[in-house]
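Reading through the structure tokens given below for one structure.
The values are calculated or read from the model by the stated rules, or taken from the named source; none is laboratory data. Everything numeric in this text was worked out from a predicted model, so none of it was measured. Using ideal geometry, Cβ is built from the backbone for each residue, glycine included, and neighbour counts are taken over all protein chains shown.
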Amino acid sequence: MIGIADTGQAETDLTLGTLPCPSCAAPLQPWGHARARSVRDHGTTTVSLRPRRARCRTCGGTHVLLPAVVAPRRADTTAVIGSALQASASGTGYRRIAAQLQRPLSTVRRWIRAGRDPAHVEWLRAQALNWLAQVDRDVIADLAPQPTQLGEALDALAAAAISLRTRVAPHIPPWTLIGQITHGRLVTRPG
Ligand SMILES: [Zn+2]
């Protein structure tokens, strides 16, 4: 699985043979599409997508190019999961978040739990700082302290998304970029 922030660009790269295989770095070729899936966005809106599949001629590996607007194995968009984390970081309880986002309590609770795992939250922040170090090092020094560790991580991720948007991908929504920066693992703990 390869996370893709800009599906149009990925399609172009695939056609031109400039999208590298994650296993061996040889160029990937278009290889049909994966099963269509639909994910829930804010409220009752759904997003339907049919991810592109690609194959490497050198090592024979196949990869799904999953748009970063969704996270692997999640039924909700990165934007919905992100707003739950944001609300949690500013002190809103999970029952209220579930009601606001119209999502089951158990689902929201799982997200919030990941947002309270110090190791995971530190990992999220590190992903943001990695990107900032590459695109906009000065921003790192300007990050203001936040009351919670999750708040710090989300603030750094927002800053990284804004930098990327300004410099590289002005047409990509910030949460999609955050999905890309966090490799689709906003609430998926390592291991
Ligand atoms: Zn390969």
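Any chance you could count how many residues in region 161-179 are under 12 Å from the mean Cα position of the chain (by Cα) and either assigned to a helix (DSSP H, G or I) or over 18 Å from residue 68 (Cα atoms) (or both)?
7
Do you know which residues across region 1-29 are within 16 Å of the ligand (Cβ to nearest atom), touching a residue at least 40 places away in the same chain (Cβ under 8 Å) and either surrounded by fewer than 12 Cβ atoms within 10 Å (Cβ to Cβ) or assigned to a helix (DSSP H, G or I) (or both)?
Within region 1-29, just 14 meets the criteria.
Being within 16 Å of the ligand (Cβ to nearest atom), modelled with pLDDT under 95 and out of contact with any Leu (no Cβ under 6 Å at 6 or more places or on another chain), is that true of even one residue in region 69-91? It would help to see each step written out before you state the result.
Taking region 69-91 first, the residues within 16 Å of the ligand (Cβ to nearest atom) are none.
Among the residues of region 69-91, not one is within 16 Å of the ligand (Cβ to nearest atom), modelled with pLDDT under 95 and out of contact with any Leu (no Cβ under 6 Å at 6 or more places or on another chain), which makes the answer no.
Exactly one of these conditions fails for residue 32: (1) surrounded by fewer than 12 Cβ atoms within 10 Å (Cβ to Cβ); (2) in contact with an Asp or Glu (Cβ under 7 Å, 6 or more places away or on another chain). Give me its number.
For residue 32, the exception is condition (2).
Checking the structure you have, find out if any residue of region 143-151 is aliphatic (A, V, I, L, M), more than 16 Å from the ligand (Cβ to nearest atom) and in contact with a Gly (Cβ under 6 Å, 6 or more places away or on another chain).
Keep residues of region 143-151 that are aliphatic (A, V, I, L, M), which gives 143-144, 150.
Narrowing further to those that are more than 16 Å from the ligand (Cβ to nearest atom): 143-144, 150.
Within this subset, residues satisfying the condition of being in contact with a Gly (Cβ under 6 Å, 6 or more places away or on another chain) are 150.
Checking region 143-151: at least one residue is aliphatic (A, V, I, L, M), more than 16 Å from the ligand (Cβ to nearest atom) and in contact with a Gly (Cβ under 6 Å, 6 or more places away or on another chain).
Step by step: first the residues of region 35-57, then only those that are crowded, with 17+ Cβ neighbours inside 10 Å and within 12 Å of the ligand (Cβ to nearest atom), then the one that is nearest to residue 71 (Cα to Cα). Which residue is that?
Result: 54.
So which of 34, 26, 10 ends up being closer than 24 Å to residue 164 by Cβ, of a type in the set (Gly, Ala, Ser) and not assigned by TED's automatic domain parsing to the domain that holds residue 152?
Working: 34 fails: closer than 24 Å to residue 164 by Cβ; 26 fails: closer than 24 Å to residue 164 by Cβ.
Going through 34, 26, 10 in turn, the sole match is 10.
Taking region 36-47, which residues are at pLDDT 90 or above and either over 17 Å from the mean Cα position of the chain (by Cα) or of a type in the set (S, T, N, Q) (or both)?
Those that are at pLDDT 90 or above and either over 17 Å from the mean Cα position of the chain (by Cα) or of a type in the set (S, T, N, Q) (or both): 36, 38, 45, 46.
Restricting the search to region 52-67, which residues are touching a residue at least 24 places away in the same chain (Cβ under 8 Å) and under 15 Å from residue 33 (Cα atoms)? Before the answer, list the steps.
Going residue by residue through region 52-67, those that are touching a residue at least 24 places away in the same chain (Cβ under 8 Å) are 52, 54-59, 61-67.
The answer is 52, 54, 55, 56, 61, 62, 63, 64, 65, 66, 67.
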